[in-house]
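Single-structure report; data block below.
The values are calculated or read from the model by the stated rules, or taken from the named source; none is laboratory data. Keep in mind that this is a model prediction, so the values were computed, not measured. Cβ placement follows ideal geometry from the backbone for every residue including glycine, while neighbour counts extend to all protein chains displayed. Surface accessibility is based on the protein's heavy atoms, side chains included, excluding ligands, DNA and RNA. Shrake-Rupley method; radii C 1.70, N 1.55, O 1.52, S 1.80 Å.
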Amino acid sequence: MASACPRPLFLSFPKSPAPPLAVPAKHHPSASVSLSTRARAASSSAAPSPSPSPPSDGVGPAAPTRGDVYLGRQLAAAAGARTRAPEEDAERRRRRKEKRRALAKKTPSGVACCYGCGAPLHTGEEGSPGHVEPATYDLKKRHNQLKTVLCGRCKLLSHGHMVTAVGGHGGYPGGKQFVSAEELREKLSYLRHEKALIVKLVDIVDFNGSFLARIRDFAGANPIVLVITKVDLLPRDTDLNCIGDWVVESVVRKKLNVLSVHLTSSKSLVGITGVISEIQQEKKARDVYILGSANVGKSAFISAMLKTMAYKDPVAAAAQKYKPIQSAVPGTTLGPIQIEAFLGGGKLYDTPGVHLHHRQAAVIHADDLPSLAPQSRLKGRCFPANDTDVGLSGNTLFWGGLVRIDIVKALPRTRLTFYGPKKLSINMVPTTEADEFYKREVGVTLTPPTGQERAEGWCGLQGVRELQIKYEELDRPASDIAISGLGWIAVEPLGVPSSDPDSSIEEEGGGSGELHLRVHVPKPVEVFVRAPLPVGKAASQWYRYQELTEVEEELRPKWHY
């Protein structure tokens, strides 16, 4: 029987010879044997060497295959990597080293911490954060119950004692200081390297002072949900539609990209459900970190979240028993507190507040801190009142011992409305007598500082800012003067109703002009001039919503209530 004719062998050659592959200097011996064996087998069965490849722009069989193109790209990338500038390699190594250093600062999981403040538990210095009696510590450790231990400082805070622990830049005078504000900031440095969902809290009463403009220094590229707290403190009859639009407009102006904005109240649980829904939708098995400035209400917000989630989530219900301590002392939380709050995975973290040196709380005594926190709904205090004919020009207003406002130039019917803590009195005197009045009454009538002893060590109102406030419309506030850590003052060119029915607006200033004020505050405290916050019943009449295109409306974050 005749043997079958062998099938002809068709070979496809690349259009250009492939570049030689670099063989590693050190390789396994078996790899060399296998490679040489395959090479001998191929040479024994291959046809005579082909003629040189056609030019690189050939078509048809001469065109480069996908493998040739991919191999060329890989070799080019490898060559580029070998010739990269040394400074680029150094920068990449520096970033890796920084990331490792930051992640190393994260509290080790094996360290037992106080569930109230996050400070590591110890039996050393009595009165310091995290201190536990030795007998209690040994008993709880023997039964593996250190996670249920509350340190001595947290017990005092829960009973209303003002026990400070933060000192240094942005700290608080009065009381013993155990940690600096810079050290607390360093404890948050690892966050920008984590894959997490950031929930950023901002106090509506101190919107500018508590905003954390450089939030990306902590959050990195992680997504952010913006939560506005304490909306229950806004004056009665305030239209939250106006507030929501004002907040979104401010966020867009600050160029902060957020997923959404939520108006909430931890006390009345308003808006908490919407935040929980947003977190469940966006966290995607990531951990959730609650971030904000000191005393913005993070622990109270977490308690409100756990209370709301407890109805449907047994994990959140169990976490309510050991939740972070709430206190009027900024700096209550001293370390990240891990909370098992989600049934579907992922953890909730309460973080130390970011201490800001430009807030009023950073300069007053620890015992005066409660006087800065509004306890009930704000009510505007107007100067001059509606039933007086006293003009503001040439007068000075003192807001406690913390703010002095000299009215250099104003319209006869200009009015200033103060929104802030009710415990701070407001006094008006002629500007020529203001210096003598302040020296005599600081610590007595003008408080805080409270008491003669604190008044003697008081830094005074050394910071002075000249404000030239322009106005275009007389039927609405010209602007707000926001005092960081305290509240704000609405400036109304024609706020006082006229007792003369024949008086005309043209006589008051022609519909546009300028007000000249001089604001005195303690040296580190900042003064912000912003668009007026639409609060009260009349605000819904003068507030104007910005007209947006469909593209702008789509790009702006949505707000929820």
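If you check W458 against the conditions, is it under 26 Å from A373 (Cα atoms), hydrophobic (A, V, I, L, M, F, W, C) and touching an Asp or Glu at 6+ places or on another chain (Cβ under 8 Å)? No: the conditions fail for W458.
Going by the structure shown, is P497 open to solvent by 50 Å² or more (accessible area, probe 1.4 Å), modelled with pLDDT under 95 and closer than 19 Å to P384 by Cβ? When the stated conditions are applied, P497 passes them.
Scan the range 438-448 residue by residue and report those that are in contact (Cβ under 8 Å) with a residue 40 or more places away in the chain and either open to solvent by 60 Å² or more (accessible area, probe 1.4 Å) or within 29 Å of the chain's Cα centre (by Cα) (or both). The one that is in contact (Cβ under 8 Å) with a residue 40 or more places away in the chain and either open to solvent by 60 Å² or more (accessible area, probe 1.4 Å) or within 29 Å of the chain's Cα centre (by Cα) (or both): P448. Report every pair of residues separated by at least 6 positions or lying on different chains whose Cβ atoms are under 7 Å apart, first residue within the range 315-328 and crowded, with 17+ Cβ neighbours inside 10 Å and among the basic types (K, R), second part of a helix (DSSP H, G or I) and at pLDDT 90 or above. As it stands, the answer is K323/I302; K323/S303; K323/L306, since those pairs meet every condition given. Answer yes or no: is there a residue in the range 155-162 that is under 23 Å from the mean Cα position of the chain (by Cα) and modelled with pLDDT of 85 or more. There is no residue in the range 155-162 that is under 23 Å from the mean Cα position of the chain (by Cα) and modelled with pLDDT of 85 or more.
Consider the range 356-377 and keep the residues that are over 24 Å from the mean Cα position of the chain (by Cα) and in a loop (DSSP other than H, G, I, E, B). The one that is farthest from P448 (Cα to Cα) is R377. If Y349 satisfies every condition in (1) touching a helix residue (DSSP H, G or I) at 6+ places or on another chain (Cβ under 7 Å); (2) over 20 Å from F178 (Cβ atoms) but one, which is the exception? Against the list (1) touching a helix residue (DSSP H, G or I) at 6+ places or on another chain (Cβ under 7 Å); (2) over 20 Å from F178 (Cβ atoms), Y349 comes up short only on (1). Between K423, K470, the distinction of being open to solvent by 40 Å² or more (accessible area, probe 1.4 Å), in contact (Cβ under 8 Å) with a residue 24 or more places away in the chain and not in a strand (DSSP E or B) belongs to K423 only.
Considering A482, A490, the condition of being closer than 20 Å to R404 by Cβ, over 22 Å from the mean Cα position of the chain (by Cα), at pLDDT 95 or above and in the same structural domain as G460 (by the TED database) is satisfied by A490 alone. For the range 211-230, a residue qualifies if it is under 25 Å from I489 (Cβ atoms) and open to solvent by 10 Å² or more (accessible area, probe 1.4 Å), and the qualifying residues are L212, A213, K230.
Within the range 191-210, residues that are open to solvent by less than 10 Å² (accessible area, probe 1.4 Å) sit with their Cβ atoms under 7 Å from residues that are of a type in the set (K, R), at 6+ positions apart or across chains, in these pairs: A196/R286; L197/K283; L197/R286; L201/K298; I204/K230; V205/K230; G209/R359. In summary, E182 fulfils each of the numbered conditions (1) open to solvent by 60 Å² or more (accessible area, probe 1.4 Å); (2) closer than 27 Å to A319 by Cα with the single exception of condition (2). Being free of Cβ contacts under 8 Å to residues at least 24 places away in the same chain and touching a strand residue (DSSP E or B) at 6+ places or on another chain (Cβ under 7 Å) is a property that Q338 has. For the range 337-357, the set of residues classified as of a type outside the set (F, W, Y) and crowded, with 20+ Cβ neighbours inside 10 Å consists of I337, I339, A341, L348, D350, T351, P352, G353, V354, H355, L356, listed by residue number.
Filtering the range 242-279 to residues that are in a helix (DSSP H, G or I), in contact (Cβ under 8 Å) with a residue 60 or more places away in the chain and of a type outside the set (D, E, K, R) leaves C242, I243, G244, W246, V247, V248, S250, V251, V252, G274, V275, I279. Among the residues making up the range 508-553, those that are under 31 Å from the mean Cα position of the chain (by Cα), surrounded by 11 or more Cβ atoms within 10 Å (Cβ to Cβ) and hydroxyl-bearing (S, T, Y) are S540, Y543. Note on the range 409-420: residues that are surrounded by 17 or more Cβ atoms within 10 Å (Cβ to Cβ) and part of a strand (DSSP E or B) amount to 5. Scanning the range 264-276 finds one or more residues that are of a type outside the set (V, I, T), modelled with pLDDT of 90 or more and under 30 Å from P120 (Cβ atoms).
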